[in-house]
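A quick write-up on the structure given underneath.
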Amino acid sequence: MSSNVLDRFLQENLGDLKEKGLYNVIDPLQSANGPKIKVNGKELINLSSNNYLGLATDERLKQAAKQAIDEYGVGAGAVRTINGTLELHVKLEEKLAEFKHTEAAIAYQSGFNCNMAAISAVMDKNDAILSDELNHASIIDGCRLSRAKIIRVNHSDMEDLRTKAKEAKESGLYNKIMVITDGVFSMDGDVAKLPEIVDIAEEFDLITYVDDAHGSGVLGNGAGTVKHFGLSDKVDFQIGTLSKAIGVVGGYVAGKKDLIDWLKVRSRPFLFSTSLTPGDVAACTKAIEILTSSTELQEKLWDNSKYLKQGLEKLGYDIGNSETPITPVIVGDEVKTQEFSKKLNEEGVYAKSIVFPTVPRGTGRVRNMPTAAHTKEMLDQALAIYEKVGKEMGIIS
Ligand SMILES: *Cc1c(COP(=O)(O)O)cnc(C)c1O
């Protein structure tokens, strides 16, 4: 018999979400997650994936994965510290360190897992973490898991960071203090003020931690936000994901050799969860090789981003202040934003609405993620649909 308490909890809460129109229905893709996707039998221009460079469907990655599967099988068979470390994992980690210009790197099963792993391996209840209020959910959870005191910092507000760092330092309450930030903030596409953050960190002895999930493969000739600012030797933890620009799945921490050695003996997802599969690892390694040998895909990505942004701006849309390919179209009202996304979908564009509580109330937006795999024709088609729907709904005139 199932629990009545649970049944009641679920019915009440699911009912509440559905009543308020906040229950998210997931549409499965009937195709690969490329620049065009098929959903409910209909082909749509895809402006919602994080597959920035189009590598998720790249032939070279697919070949590398197939070869690795033939040689090593589909699963790694154990956690990394028992005997789930294949030569392939070691090679990937060497490539990642090279790619990030650090001494060493360690791979995890996801970017989310990196934050679960790395923060609590170093921070504990006698420490404090200064965390930007717009940091990713996995950073927030990783901080909580560590039991350190979490000090919220106003978004990219360097005065607030400095004040709070000074207070924390001078209080004498904490053994260690860390500052954590996204490299690129995923909802607005703005870039963290890393040079100032590093200065403040030096002044108050802070450990620095940058999660560059949306910056790697995109900024700094592909190496990410830290490299973009020339700070590769000044940031202690560089987190990246293998699931966005790299196009596969997984995550990594890059840093000094001692730090990586410590994570190999103390970070729980490394010790207690089976390692990345051979196919995934081989595909990731191929992606890093491609990224380090040519900037062609990054150039295509930025070119397409500029094209889409200019087109949307010319139509009269408010596209915020993004400094990266992430392109929000800000509508404001939550209900109208959702309606807008739905109409775009009906006309042939897949672009998700993002509303409160993911973004502040009254700043609902449809978020567009152009990639290197889009053609100009696809973007023109998308812009034509944006024009039609925006005019029909009175969002643009
Ligand atoms: C997407 C994202 C993650 C999660 O990465 P996955 O590899 O998808 O688990 C972590 N941190 C940030 C900042 C992200 O944007």
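Taken over the chain, the percentage of Cα pairs per 20 Å bin, counting from 0 up to the bin with the maximum distance, is 26, 55, 19, 0.
Summing Cβ point charges (Lys, Arg +1; Asp, Glu -1) relative to the Cα centre of the stretch 306-397 gives a dipole of roughly 140 debye. The protection proxy used here, the mean number of other Cβ atoms lying within 10 Å of each residue, ranks peptides 42-50, 28-36, 237-245 as follows, highest first: 237-245, 42-50, 28-36.
On the stretch 79-212, 48 percent of the accessible area sits on carbon and sulfur atoms, based on a 1.4 Å probe. Sorted on the mean count of surrounding Cβ atoms within 10 Å across their residues, most packed first, peptides 294-306, 367-379 read 367-379, 294-306.
Spacing of the modelled spin labels on Glu296 and Arg266, each 7 Å from Cα toward Cβ, amounts to 4.4 nm. Spatially, the stretch 268-314 and the stretch 347-397 are offset by 23 Å when compared through their Cα centroids. Along its principal axes, the stretch 97-253 has C-alpha extents of 44, 31, 27 angstrom, given from the largest down. Take the chain with all the other protein chains still there, run a 1.4 Å probe, and you get 47 Å² of accessible area per residue.
Applying 0.36 nm per residue to the separation of Asp318 and Arg8 and subtracting their alpha-carbon distance, the gain on full extension is 107.3 nm. In the stretch 228-381, the portion of solvent-accessible area held by carbon and sulfur atoms comes to 50 percent [1.4 Å probe, whole percent, DNA, RNA and ligands not counted]. When only alpha carbons are used to place a centre, the stretch 20-63 and the stretch 72-148 end up 26 Å from one another. Cross-link pairs exceeding 22 Å between alpha carbons, from the set Lys314/Lys376; Lys300/Lys391; Lys125/Lys256; Lys95/Lys193; Lys125/Lys193; Lys309/Lys352: Lys300/Lys391; Lys125/Lys256; Lys95/Lys193; Lys125/Lys193. For the chain, the relative contact order comes to 21 percent (Cα pairs under 8 Å, sequence separation of at least 6). Dipole check for the chain: with +1 at the C-beta of Lys and Arg, -1 at the C-beta of Asp and Glu, and the Cα centre as origin, the magnitude is about 660 Debye. In the stretch 162-315 the Cα-Cα distances spread across 10 Å bins starting at 0 as 10, 32, 34, 18, 6, 0 percent of all pairs.
Helical content of the chain, expressed as a calculated mean residue ellipticity at 222 nm, amounts to -14000 deg cm²/dmol (DSSP H runs of 4 or more residues, -39,500 (n - 2.57) each, divided by residue number, nearest 500).
When the P(r) of the stretch 330-397 is calculated, the portion above 15 Å amounts to 52% of the C-alpha pairs.
The values are calculated or read from the model by the stated rules, or taken from the named source; none is laboratory data. Keep in mind the model is a prediction, meaning the values are calculated, not measured. Here the Cβ is made from the backbone with ideal geometry for all residues, glycine too, and neighbour counts use every protein chain on show. Surface areas here come from the heavy atoms of the whole protein model, side chains and all, with no ligands, DNA or RNA. Shrake-Rupley method; radii C 1.70, N 1.55, O 1.52, S 1.80 Å.
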